[in-house]
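Engineer: Structure incoming, see below.
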Amino acid sequence: MSSPRSAVPTAAAVPSPSAPATGGSATSSTAPTVAELMDFVRSTARDEALIASLPLDPEGRTWIRLDGPGGSEAWLIGWPPGTGTGWHDHADSFGAFTTAAGALTEHSLAVRLPTDGWKTLELTDRVDRSRELATGQGRAFGQNHVHEVLNESEVAHAVSVHAYYPPLPRIRRFSRTGAVLRLEQTERPEDWQ
């Protein structure tokens, strides 16, 4: 799977309906809660003009960076039919995402992985979770959450809104064969912005 392609070459920030009137990020010194990130992604997903502004590419994911609450990192992402993220985590960031159009599938692991010092792990039985997220549905997650997100439709694009706090310091990417999870690479912000 190829990396997403930015719909905005400079990855310019686009204020959301929840952003402060100044157009910048919130100036509060208090970190947002998971509930506040969930409220943000839900309200942003209902902004029909913003959702319609995302150019959709038939071959690769596209995105626009948004101003999230309390200094969080947020993204509006377009998913062509049959695309996905592959297995990954968000390091020490917690977050939330909501499907704004179409439907997404999330496969996740109900286990906390070691943060460092490993390349291959054998997963135990009953750690796999799957959920379908139709338009308007989403989920929040804690630190070191391992998952993959997919648009399994053969014909329809999906669009989603994501928010993370603290802003993503790294993403670890994994491959999976049966019960074996293997760390493949670690990406830093400069790799996807």
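Engineer: So what are the ³J(HN,Hα) numbers for the range 140-153, from phi and the Karplus equation (6.51, -1.76, 1.60; θ = phi - 60°), rounded to whole Hz, Gly and Pro as x?
Structural biologist: In residue order, the calculated couplings are 10, 8, x, 4, 6, 6, 9, 7, 9, 10, 9, 9, 7, 5 Hz.
Engineer: Report the extension gain between residue 34 and residue 107 in nm, rounded to one decimal, defined as 0.36 nm multiplied by the number of residues separating them, less their alpha carbon distance.
Structural biologist: Length gained, residue 34 through residue 107: 24.3 nm.
Engineer: Based on the mean of other beta carbon atoms within 10 Å per residue, what is the order of 51-64, 100-113, 158-171, most packed first?
Structural biologist: Highest to lowest by the protection proxy: 158-171, 100-113, 51-64.
Engineer: Please state the charge dipole magnitude for the range 34-193, taken about the Cα centre, from unit charges on C-beta atoms (+1 on K and R, -1 on D and E), reported in debye and rounded to the nearest 20.
Structural biologist: 340 debye
Engineer: Could you pull out every residue, at least 5 positions away or on a different chain, whose amide H is within less than 5 Å of the one on residue 174? Hs are placed 1.01 Å off N in the peptide plane, and Pro or chain starts have none.
Structural biologist: Amide H neighbours of residue 174, under 5 Å, 5+ apart: 87, 88, 184.
Engineer: Largest first, what is the accessible-area ranking of 89, 128, 116 with a 1.4 Å probe?
Structural biologist: 116, 128, 89
The values are calculated or read from the model by the stated rules, or taken from the named source; none is laboratory data. Since we're looking at a predicted model, the values are computed, not measured. Note that each Cβ is placed from the backbone with ideal geometry, even for glycine, and that neighbours are counted across all protein chains shown. To get the accessible areas, we keep the full protein, side chains included, count just its heavy atoms, and leave off ligands, DNA and RNA. Shrake-Rupley method; radii C 1.70, N 1.55, O 1.52, S 1.80 Å.
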